[in-house]
1. B:PRO326: surrounded by fewer than 18 Cβ atoms within 10 Å (Cβ to Cβ), in contact (Cβ under 8 Å) with a residue 60 or more places away in the chain and more than 16 Å from the chain's Cα centre (by Cα), yes or no?
2. Would you mind finding the one in B:GLY254, B:GLY232, B:GLY287, B:GLY246 that is away from every other protein chain (no Cβ under 11 Å) and either within 28 Å of B:LYS336 (Cβ to Cβ) or at pLDDT 95 or above (or both)?
3. Pull up the stretch B:98-148, narrow it to residues that are on the phi > 0 side of the Ramachandran plot and of a type outside the set (Gly, Ala, Ser), then point me to the one that is surrounded by the most Cβ atoms within 10 Å (Cβ to Cβ).
4. Considering the stretch A:253-311 alone, what residues qualify as being hydrophobic (A, V, I, L, M, F, W, C) and within 18 Å of A:VAL336 (Cα to Cα)?
5. Picking from A:VAL104, A:VAL145, which residue would you name as being assigned to a loop (DSSP other than H, G, I, E, B), of a type outside the set (D, E, K, R) and within 7 Å of chain B (Cβ to nearest Cβ)?
6. Quick one: A:ILE62 ticks every box in (1) surrounded by 16 or more Cβ atoms within 10 Å (Cβ to Cβ); (2) within 14 Å of another protein chain (Cβ to nearest Cβ); (3) at pLDDT below 95; (4) touching a helix residue (DSSP H, G or I) at 6+ places or on another chain (Cβ under 8 Å) bar one, so which box is it?
7. Which residues, taken from the stretch B:164-204, are more than 23 Å from B:ALA276 (Cβ to Cβ), among the hydroxyl-bearing types (Ser, Thr, Tyr) and within 14 Å of chain A (Cβ to nearest Cβ)?
8. Quick check on this structure: which one of B:ALA201, B:ALA245 is touching a Leu at 6+ places or on another chain (Cβ under 6 Å) and touching a residue at least 24 places away in the same chain (Cβ under 8 Å)?
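The values are calculated or read from the model by the stated rules, or taken from the named source; none is laboratory data. Given the structure is predicted, the values throughout are model-derived calculations rather than measurements. Cβ placement follows ideal geometry from the backbone for every residue including glycine, while neighbour counts extend to all protein chains displayed.
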Amino acid sequence: MSSEENNAGRLDAVAPAIELIGISKAFGPVQANKDISMTVAKGAIHGIVGENGAGKSTLMSILYGFYKADSGSVKINGVPTTINDSHDAIAAGIGMVHQHFMLVDNFTVLENVILGAEEGATLGPSLRKARKELKRLADEYELDVDPDALIEDISVGFQQRVEILKALYRQAEILILDEPTGVLTPDEADHLFRILRNLKDQGKTIVIITHKLREIMDVTDSVSVMRRGEMTKTIATNTTSPEDLAEAMVGRRVLLEVNKKPVEVGETVMQVKGLSVTDVHGVMRLKDVSFELKRGEILGIAGVAGNGQSELLEVIAGIGAATSGEVLMHGEAIDVSKHANAELRRHRGISHVPEDRHQRGLVMPFMTWENTAFGYHNEPEYSGKFGLANQKYMKKDAREKMERFDIRPPIPQLVASHFSGGNQQKIVLAREIERNPDVLLIGQPTRGVDIGAIEFIHQQIVNLRDAGKAILLVSVELDEIQALSDRILVMFDGVIQGERLPENTNEGELGLLMAGVDPEAKQ
Amino acid sequence: MMDFLTNDLLQLSDSAVRFATPLLLACLAGLYSERAGIFDIGLEGKMLVAAFAAGAFSAIAGMPASEGGWEMGAWSVWVGLGAAIIASIMFSMIHAFASITLRGNQLISGVAINFFAAGITVLIGQYWFKMGGQTPQLREGQRFEPITLPFAESLKDVPVLGDIYYQLISGHNIIVYMGFAIVALTWWVLYRTRFGLRMRAVGENPGAVDTAGISVVKLRYSALIITGILCGLAGAYLSLGTAAAGFGKDMTAGRGFIALAALIFAKWKPITAMWATLLFGMLEAIGNKYQTLDLGFIVLPGQFMQALPYILTVVILAGFVGKAIPPKAGGEPYVKER
């Protein structure tokens, strides 16, 4: 009884902007949200953290009308609201910036902003009105964007601003952002946070979904933690710590730091000399890149996605072709033309954990024991009589790998798509690391991987380095680069923008390099 | 030389316009569908049923009551046109249901529609008219007649301009003029209206449309209804507006595919589509006029001349004329990500 009175009392004061009551949602057998209740005060920045698949995005997609909840109800500003589709959500003053931007690439900024919010059957008046409104919003919130630029021509940072503008143009009072900093440089992320604080000062309510705990600590007023579809904790940000949040996310104490002892760096294993790549559109993706990779070191390549790191990995791995330049392994050139053979690469001692495990690392509908042998399936140990595959050995081998890498459930007959992101990545890692390569190429080792598995994967990489192997690590997560690398190269626009030692640099400096600015040149 | 310009070239252009009209209408039909993100290789089939429905219903509407007709006189041709549009929309809705609602494979649905149309037209035609799948020869009132534009006769003797007006611009039937008017209309709809903006968006990124609070399904169905109407016009033109004056088995003769090639060639843009189909029309006209062509060093046989539009189709579809980037979401059923 008393709680109802409390609620009534609050209504008279300021009703919370968002009130979710008992939301449940299942996708087939998977219970994505279990009886979730959450309250966000008006004018607050509220964070939702949780591992991949914890149900954060599902919950917010329900609020935005993208999915329909199986049960539960929603109150907006204290008023019970039924949200059946995005149209209802927009009408209730909710705007959402999705993780994958919902923009039409070959439309202008202006066209994207008015799409769905046009006034009248012809476009002229809406475009004129939007142009004026955009200018006002730009001045008010540091949201400058050229209204006539095509989306495909502007950077992701600007694209994100367009998404925010779209919401504001529709008079959103509540703004939901799903993993907003995943694709931003630290500088762009700071700018975003300034915008968000600005919006908050204007009385807007903001919900931000992220898996980066530092951002939560920086920018939010309160935070909710989700784990396996349930909301485990809601707390004021200034009364918690990253360690506590991580524990609530994973359900056990997690090591946020990587255990890494100094190791003597050995002789050079691989030399990359003047490597350039021009893509099919004639754009130079990689411009005269040179570096050396030594035994016992992890060489981290930092940079915002799309600055040539992928091309670099692909050429060295024998998937992509270089336009010029060479790669030497133990002083001997390896084929970097379009005739390069990835299988020969493996014989030379180069293993590759690709950036996109779904596309390149695994065959998703195939069973684990097949996936743990792929790429090496012609090796003698996997071959049986009469040129057939030795399935018995492949299965036994897979089971052992699954045990050593703690892949759950350890059943070789399960198809790859059955596993969680972290376990899938461990399947790829088990296959590549257990070949005991001289050089391990590894791209985005922990993308879409839960915190618990991140710890394990990082430890595997460090162990390999301690065993005197050379590791080329490409990651867009600056934290990861800083934690693992013995030496850091920063790439921008296909060029190595700078080289730093992790102990002599900081995030600010690396962020500037990632944005193409040389901090030393400035002084 | 002057003679060639005034006579041969004008004549060629005149027949190019006639040959281009069904291609143009089918091409625009495909434009609406593909811009909305639904690939449509069933243009051919829809044109074919439309041509059949037009020929059959115009014939029945114009027949005397004693032969089971409706004695509608000059209205018959319009009955035929209406039937063509309805038939074509029905086929378009089959494609819509398969590819939007059931999220099936759009290519397979298109192929099925083409085969179904090829069979059903002949089957019903034979059952109704017992003429081996053909429809009866259409008489006056049952087909579209050439329209002489105002002043065409009096301006005929003005040099060049008068010739062009009289020979090239005047003297076509109503569907030809509709076809070219629809080019302008399509441009306006596509780039200047709310519907056009949303339709282009849904072909590029249906997620953007969905999250903007607009129904992807309704938009795509609307686009496919327009596709049906335009294919209906294209098919009706073949049986009601050409010298054939009636429906004949497989009378579309691959024009739906040529229209598709023209659409790709035109990079899914309406004005460019007009020029592309006129080019195909011109090739067809040349093949028709010069049974064999003596180039001095080589004599091109008639078969080669008639194959010209098809050869160009192959060249275009093989991608020899620059990179054409189709609407990004084309061919993919829209499923909310999960």
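1. It is true that B:PRO326 is surrounded by fewer than 18 Cβ atoms within 10 Å (Cβ to Cβ), in contact (Cβ under 8 Å) with a residue 60 or more places away in the chain and more than 16 Å from the chain's Cα centre (by Cα).
2. Answer to the selection: B:GLY232.
3. Start the filter on the stretch B:98-148 by keeping residues that are on the phi > 0 side of the Ramachandran plot, which leaves B:103, B:130, B:132-133, B:141.
Then keep just the ones that are of a type outside the set (Gly, Ala, Ser); that gives B:103, B:130.
Numbers: B:ARG103: 12, B:LYS130: 9.
Result: B:ARG103.
4. Correct list: A:VAL269, A:MET270, A:VAL272, A:LEU275, A:VAL277, A:VAL280, A:MET284, A:LEU286, A:VAL289, A:PHE291, A:LEU293.
5. Numbers: A:VAL145 fails: within 7 Å of chain B (Cβ to nearest Cβ).
Step by step, each of A:VAL104, A:VAL145 is checked, and only A:VAL104 is assigned to a loop (DSSP other than H, G, I, E, B), of a type outside the set (D, E, K, R) and within 7 Å of chain B (Cβ to nearest Cβ).
6. So A:ILE62 meets the others, but not (4).
7. Matches in the stretch B:164-204: B:THR193 only.
8. B:ALA245
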